[in-house]
Amino acid sequence: MVICLCNVLTHQQIAAAVAAGADRPHDVYAACGCQAQCGCCTRTILEMVRAGAGAATR
């Protein structure tokens with residue numbers, strides 16, 4: 001599913017960036033070779049980062 005319409009970032013791409021160590025939305029964008037445009041997806045990306053961080057500490 002596409003999460004970021006401006007950069008056409010999918011859930012899988014974001015999850016891979018988080019798994020590779022991205023711990024902020026800025027890091028996710030950088031890992032995907034782009035940057036935030038309108039910012040509408042930032043909250044969703046942050047939730048994914050937090051969920052990924054929680055999964056790593058379990």
Review point. How about the chain: what cysteines have no other cysteine beta carbon under 4.7 Å from their own?
Key: Cys6, Cys32, Cys34, Cys38, Cys40
Review point. Sequence-distant or interchain residues sharing an amide H contact under 5 Å with Cys4, placed H: which?
Key: Leu9
**Study point:** Gln12 paired with Cys40, simple spin-label distance in nm, labels 7 Å along Cα-to-beta-carbon
**Key:** 2.3
Point to revise | Packing-based order for 38-48, 22-32, using average beta carbon neighbours within 10 Å, highest first | key: 22-32, 38-48
Revision key, fill the gap. Tilt, helix 42-56 to longest principal axis of the chain (alpha-carbon atoms), in degrees rounded to tens, equals 20
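A short reminder: the numbers here are calculations on the coordinates, not readings from a lab. This structure is a prediction, so every number in the text was calculated from the model and none was measured. No Cβ is skipped: glycine too gets one built from the backbone with ideal geometry, and neighbour counts run over all protein chains shown.
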